[in-house]
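Okay, so here's the structure we're looking at.
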Amino acid sequence: MGHLTSRDAYRNLEDRINWFTQGAPPSETLTKILKLLFTEKEAKWVAMLPIRPFSLKKAAQIWGTTEGKAEKLLDHLCEKGLLVDSYYHGVRQFVLPPPMIGFFEFALMRTRGDIDQKYLSELFYQYLNVEEDFIKNLFLGMETKLARAFVQEPVLLTEKANHILDYEKATHIIEEAEHIGVGICYCRHKNLHLGIPCRQNAPLETCLTFDNIARSLSEHGGYARLISKEEAKDILQMSYEHNLVQIGENVREHPAFMCNCCGCCCEALGAAKKFSPMQPIETTNYLPEIQEETCISCGKCSRVCPILAISMKEKRPVIDESICLGCGVCARNCPSKAIILKRRPVQVITPVNSTHRFVLQAIEKGTLQNLVFDNQAFASHRAMAAVFGTILKLPPVKQAMASRQFKSVYLDHLLSRQQGKE
């Protein structure tokens, strides 16, 4: 690897990041961010790694070194929040997290002295809020969203008419998690470095991670600290009191993260307002409804809405249902209890798990072949079958999209056999 120049190393890293569904559009600012987070040698090492989970043995083979030396490198990258590790049937695996939610956030989930966090915050602001290509590509480039909003449970629990499903409850996600970690909110931490304090005076330590991500971030570098389910629920209650919106991974089973977001600092909520009516976050299955006979026209609902979905017209609140998240912050704050939440007429479809979401997003972005052929990430028959099994459950239109992208005789054969059975 010695013949590579510094420019080549970071360019190769950019290419590797963009090999997967969630990428990062190249720019001078991105290169500066990567140079701050990765040394030149680290960029060379990481650019060679698969995007999907890989073993220590695999990394040693790719790098052409011993497993002992490879493990030291991998541990070092985990300590910097550039890789996360997990255990599958007792075997340690590693993965390069995406930029967001991933190594961008991890860099600011704790205070640290090894990098200039103020300069990094300025770079993030330039890349995410000024140049915009990353945000547009991330939030608006796919039908299947990376994240979804959770409804505020206290509002629903008082309404017997509403039936809330387990995966719609933030408390259920907490109860199901094996490990729970909490770290500093990336968005509010970044804005503090920029001299823009949270207008809602929201606490910093509210970013929840779960299971392997929580364990890895707590064991390596202290990017999160492990907490009990009771403390996690206390953080959730505190977040309700600060009118924060719960935004988690857009899956039904074992999401990796749940942020408690304010409308003034959150990148996702900011994008929702900036690019309205295009919605970067998947909504809940609920919509607020105003009971005219009890509404006192105080306007508080319009002031607390995190994405400005409620406006006052002729002294009456009007809800823009095309952009409403259905989070319930308005209903919780209504002094006369004039706002109730009703289920949307069309059910929001949530991917089952991360693999399901990855496949859907890869189909929509035309990168399914990258997902399957990423350095043998899905080389085993079992893993390949899981991908194809997900595709076979898709509607016919998306099956056709997948077939065209993958250009695989094997996939075409599977689809034709499946259709022949119907």
What are the residues in region 28-73 that are under 23 Å from the mean Cα position of the chain (by Cα), at pLDDT below 95 and of a type outside the set (A, V, I, L, M), if any? 50, 52, 53, 54
Give the residues of region 238-250 that are in contact (Cβ under 8 Å) with a residue 60 or more places away in the chain, hydrophobic (A, V, I, L, M, F, W, C) and surrounded by fewer than 22 Cβ atoms within 10 Å (Cβ to Cβ), sorted by residue number. none
Need a quick list: helices (runs of 4 or more DSSP H) entirely within region 187-280 having at least 2 residues that are modelled with pLDDT of 95 or more. 211-219, 229-241
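Let's see how each residue does on (1) more than 20 Å from the chain's Cα centre (by Cα); (2) in a loop (DSSP other than H, G, I, E, B):
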residue	(1), (2)
287	yes, no
295	yes, yes
317	yes, no
340	yes, no
358	no, no
364	no, no
From 128, 138, 120, which residue is outside any loop (DSSP other than H, G, I, E, B), touching a Leu at 6+ places or on another chain (Cβ under 8 Å), touching a residue at least 60 places away in the same chain (Cβ under 8 Å) and surrounded by 22 or more Cβ atoms within 10 Å (Cβ to Cβ)? 138
Which numbered condition residue 286 fails, given (1) closer than 24 Å to residue 103 by Cβ; (2) crowded, with 24+ Cβ neighbours inside 10 Å: (1)
For residues in region 70-91 being touching a helix residue (DSSP H, G or I) at 6+ places or on another chain (Cβ under 6 Å) and outside any helix (DSSP H, G or I), which is surrounded by the fewest Cβ atoms within 10 Å (Cβ to Cβ)? 86
Lone unmet requirement of (1) aromatic (Phe, Trp, Tyr); (2) under 26 Å from residue 91 (Cα atoms); (3) free of Cβ contacts under 8 Å to residues at least 60 places away in the same chain for residue 19: (3)
Near pairs, Cβ below 8 angstrom, 6+ apart or cross-chain, from region 38-67 (outside any helix (DSSP H, G or I)) to any residue that is charged (D, E, K, R): 48/16; 49/16; 50/58; 50/374; 51/16; 51/374; 52/374; 55/92
Taking region 210-224, which residues are surrounded by fewer than 23 Cβ atoms within 10 Å (Cβ to Cβ) and out of contact with any Ser or Thr (no Cβ under 6 Å at 6 or more places or on another chain)? 211, 215, 218, 219, 220, 221, 222
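The values are calculated or read from the model by the stated rules, or taken from the named source; none is laboratory data. Here the structure is a predicted model, which is why all the values come from computation and not from measurement. Glycine also receives a Cβ, built like all others from the backbone with ideal geometry; neighbour counts cover every protein chain displayed.
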